[in-house]
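Data first, discussion second: the structure below is written as structure tokens.
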Amino acid sequence: MSKQKPSIPKGTRDFGPEQMNNRNFIFSTIKKTFESFGFSPLETPSMENLDVLTGKYGDEGDQLIFKILNSGDYLSKTNLEEFNKGSKSFTREVSEKALRYDLTVPFARYVVMNHGSLTLPFKRYQIQPVWRADRPQRGRYREFFQCDADVVGTKSLLCESEIILMIKKALTTLGINDFTIKINNRKILSALAQLVGGKSIETDLFVAIDKLDKIGLDKVLLELDNKGFDENMKATVSSYLQVSGTIEKVVSELNTLFKDIEIGIEGIKELQEVFELTKNYNNNLESIELDPTLARGLSYYTGTIFEVKVNNVKMGSISGGGRYDNLTGVFGLEGVPGVGFSFGVDRIYDVMNELKLFPEGNSSNTDVLFANFSSEDLPFALKAASILREHDINVEVYPDSVKMKKQFSYADKKNIPFVVMIGTDEVAANTITLKNLLNGNQESLAIEDAILKIKEHLAN
């Protein structure tokens, strides 16, 4: 029998040490940003009960949920009648659990289950993988990490303003400076639906508008035509989708368009307050765009919505989110408003890789390699290595006593900046020989002096 060639599922990836160091650089930066605004960490299970997830993402989102087959003889509890009803009905007979689609719905579930012990407003961040049964393509994977920050228990628009500040801080710290934060409000879109045909058309309208970037205006209008929108309705939508310009210009045009629709005026005022609060933080509105075409496909959003794109890079949004005042209500807990957003780490990684923004020398976690001369000198080397580790210096001891050329080649390939050499002379003098592989300098030092020199290098 021939041996099977190993592979991984499409839309998933392995990450080697260099990639993981770069990814951890992103995770660390985002984590520090979240914590600087008072957010606390949270984790939820990779799998959720299927009924927790379904019905929260719209019909198209529900189709992308990875279902998990029940364990054991899952077919024994089914029958032909259920099978004949179709896959949607039959799936519920053989699958009670699913991999989480995002981090927001599990967070809402957590809040409902623990609301009695939470201090409101509750600010949490969560950095975990999610799964979507999507068609893999550049920037779109079936398994990917999200970095979420959410606040529940307050309707204050200060939260929206701080989301803008967190997005700016994290991206600029990562070295991404040319980006656009697109902002809109679902109430404005609801006003458009009201103007065109009423609340019953909201879902069809929002889903179509959300595809504008991908398929263009003509195909959006064609999709609306297929949903039964007449010429007048399509003309109103088309006119709305072409509103653009400065924040002041867009606000003026939207005020004119929705002057008689209360929910539209309310949405516009909320956006204006968010912008004013952001300016009060001594932060300008640079990189912010009021985009009336922004819809965000998820059905649970009710207020301000966000999306972030890096300019001059062929990549979809790298961050998105919004307000969802009714999300916990579907789990039986009313009156807990929330707002949050998510960074897509995998897309940020691809952007930074394309723009060559990762720090040089980020491919190794080791600061010092202790060369292995002989078994006689090894006890002294091991003690010295332990002392360096006690001073928070990352140390490797080469495991085999082989030619120095091989050991130096190992350090060079791993981008390890220092090699320590210990022989008979060093043991007798209670010193170590420290070689800097970056500049070639080599000197004999007391261990304490070597620690100071290595720390100085690392600090720089």
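The values are calculated or read from the model by the stated rules, or taken from the named source; none is laboratory data. The shown structure was predicted, so the numbers you read here are calculated from the model rather than taken from an experiment. Cβ atoms come from the backbone with ideal geometry, glycine included; neighbour counts cover every protein chain shown.
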For segment 161-180, state whether one or more residues are under 27 Å from K31 (Cα atoms), modelled with pLDDT of 95 or more, touching a Lys or Arg at 6+ places or on another chain (Cβ under 8 Å) and part of a strand (DSSP E or B). yes
Among the numbered conditions (1) surrounded by fewer than 17 Cβ atoms within 10 Å (Cβ to Cβ); (2) at negative phi, tell me where D392 comes up short. (2)
For T154, which of the numbered conditions (1) in a loop (DSSP other than H, G, I, E, B); (2) free of Cβ contacts under 8 Å to residues at least 60 places away in the same chain; (3) polar (S, T, N, Q) fails to hold? (2)
How about segment 32-55: which of its residues are touching a strand residue (DSSP E or B) at 6+ places or on another chain (Cβ under 9 Å) and part of a loop (DSSP other than H, G, I, E, B)? F37, G38, F39, L42, E43, T44, S46, T54
Within segment 353-365, can one find any residue that is surrounded by 19 or more Cβ atoms within 10 Å (Cβ to Cβ) and under 26 Å from V130 (Cα atoms)? yes
Among helices (runs of 4 or more DSSP H) completely within segment 221-297, the ones holding 2 or more residues that are under 29 Å from the mean Cα position of the chain (by Cα) and surrounded by fewer than 16 Cβ atoms within 10 Å (Cβ to Cβ) are 262-280
Go through segment 407-460 residue by residue and tally those that are part of a helix (DSSP H, G or I), touching a residue at least 24 places away in the same chain (Cβ under 8 Å) and either at positive phi or polar (S, T, N, Q) (or both). 2
Specify the residue that is surrounded by the fewest Cβ atoms within 10 Å (Cβ to Cβ); the eligible residues are those in segment 429-455 that are among the polar types (S, T, N, Q) and over 45 Å from the mean Cα position of the chain (by Cα). N430
Could you please let me know if I348 is under 24 Å from E448 (Cα atoms) and not small (G, A, S)? no
Restricting segment 79-107 to residues that are hydrophobic (A, V, I, L, M, F, W, C) and under 18 Å from the mean Cα position of the chain (by Cα), which is modelled with the lowest pLDDT? V105
For segment 375-388, indicate whether the set of residues that are surrounded by 13 or more Cβ atoms within 10 Å (Cβ to Cβ), of a type outside the set (A, V, I, L, M) and either within 30 Å of N24 (Cα to Cα) or in contact with a Leu (Cβ under 7 Å, 6 or more places away or on another chain) (or both) is non-empty. no
